[in-house]
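What follows is a set of notes on a single structure, which appears directly below.
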Amino acid sequence: MTIILPLLLLFTAISGTAVVLVRDPSRQVFAIAANGLVLTILFDALQAPDVALSELAVGTAAVPLLFLVALMAVRANASREES
Amino acid sequence: MSPRFRIALLALAGLVLLPAAARVIAALPPFGSTIALYGERINAVTPEARHVANMVSAINFDLRGLDTLGEEFMLLAAITGTVVLLRGRRGEGTTERAMRLPGRAVIPRSEAVVLGCRIAGPLTCLFGLYVVLHATVTPGGGFQGGVILASGTLLIYLGEGYAGWRDSIRSHWLDALEGGGALLFALCGLAPMLTGAAFMQNILPLGTFRDLFSGGLMLVENLGVALAVTGGFTQLFLEFMEETREAEEPDEPGEESA
């Protein structure tokens, strides 16, 4: 347990920074999903399974999906206006 | 607002707020220290008073049930707002034609994905139901289970495609689920008042500790939350997915800029 927590916190910091540093929006969505997955494991390790379940469902499934759909709609609209 | 003014504003805000933030951070309890007093009281009192093993559910649905009622209606309002906003521009009609970026190849769905979704989908929904039903015994509850159920329906989309998804999910049912769930929760608050008890007082038999049927009124409230969250999130997915469909007729010019 002593090694797992610092490791998870480190992963959280890395994946959180990655979300900011990745500049392509469609890749950023997957960075957010990865960050959500790391947070899920962290919450679980800190004995908060309720929050972990919510984070897993909302942070790694619902939010990325909504972002992907929004990005797709924006791009399709933009390309239609160009043509 | 010029960049120089913005930076000056940032410096000013930092000057005022950073010392305060530093003081608060310094006064935080150390990482991994003992549970807060409130938590310890809850842990000591709740199993005796409410026969519930999952303290989080006990707080959400009983001790601070009024807060959850507020959150329930926040969710309802947020989803209603999204639906109104998206349908206002798109209208109620639905089409099957997907929007497509020009020049982008359409890759057919592989059989492995279909098989994976057909196996994982029912299992996900089963797990969601389990999480909903065991709200008062194990971690989880109406919200978590509801979101899991809603993401289970997404696997239908992934495995069967848009048409299959729309076939299995009716928008009107989702409306009924969402509104009905919120109504059920509100009725759970009002019904005890008919017997002369207080708003949301737990007057149902509490059941046995660590049993599936423990917690009395909490189980009904939990069901209400589960219905509302399942319906609400699926509705949200549905509305966003509709955005990726090609409109029947091209939009009137000027509407885009509005």
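The values are calculated or read from the model by the stated rules, or taken from the named source; none is laboratory data. Just so it is clear, the model here is predicted, and its values are computed rather than measured. When we count neighbours, we look across all protein chains shown, and the Cβ atoms used for this are built from the backbone with ideal geometry, even at glycine.
Structure notes:
- B:T46 vs. criteria away from every other protein chain (no Cβ under 13 Å), polar (S, T, N, Q), surrounded by 14 or more Cβ atoms within 10 Å (Cβ to Cβ) and under 28 Å from A:F43 (Cβ atoms): yes
- Scan of region B:142-153 for residues that are under 18 Å from B:F73 (Cα atoms) and facing chain A (nearest Cβ under 7 Å), ordered by number: B:F143, B:Q144, B:V147
- Positions within region B:106-141 being under 20 Å from the mean Cα position of the chain (by Cα), closer than 15 Å to B:T153 by Cα and of a type in the set (A, V, I, L, M), in sequence order: B:L123, B:L126, B:L129
- Within region B:167-179, being in a helix (DSSP H, G or I) and closer than 18 Å to B:G232 by Cβ holds for B:S168, B:S171, B:H172, B:W173, B:L174, B:D175, B:A176, B:L177, B:E178, B:G179.
- Candidates B:A176, B:A182, B:A120 - the one that is away from every other protein chain (no Cβ under 14 Å) and surrounded by fewer than 18 Cβ atoms within 10 Å (Cβ to Cβ): B:A176
- Residues in region A:16-47 that are of a type in the set (K, R) and in a helix (DSSP H, G or I): A:R27 only.
- Test: residue in region A:64-73 that is more than 9 Å from chain B (Cβ to nearest Cβ) and surrounded by fewer than 15 Cβ atoms within 10 Å (Cβ to Cβ): yes
- When region B:132-151 is filtered for residues that are in a helix (DSSP H, G or I) and surrounded by fewer than 24 Cβ atoms within 10 Å (Cβ to Cβ), the ones remaining, listed by number, are B:L133, B:S151.
- Selection within region B:1-32 - on the phi > 0 side of the Ramachandran plot and part of a helix (DSSP H, G or I): none
- Of all residues in region B:99-110, none satisfies being outside any loop (DSSP other than H, G, I, E, B) and on the phi < 0 side of the Ramachandran plot.
- Any hit, region A:30-50, residues being hydroxyl-bearing (S, T, Y), buried (at least 16 other Cβ atoms within 10 Å of the Cβ) and in contact (Cβ under 8 Å) with a residue 12 or more places away in the chain: yes
- Any hit, region B:235-255, residues being buried (at least 22 other Cβ atoms within 10 Å of the Cβ), farther than 29 Å from A:R75 by Cα, within 14 Å of chain A (Cβ to nearest Cβ) and at pLDDT 85 or above: no
- Qualifying residue in region B:59-73 (condition: aliphatic (A, V, I, L, M), within 18 Å of the chain's Cα centre (by Cα) and surrounded by 16 or more Cβ atoms within 10 Å (Cβ to Cβ)): yes
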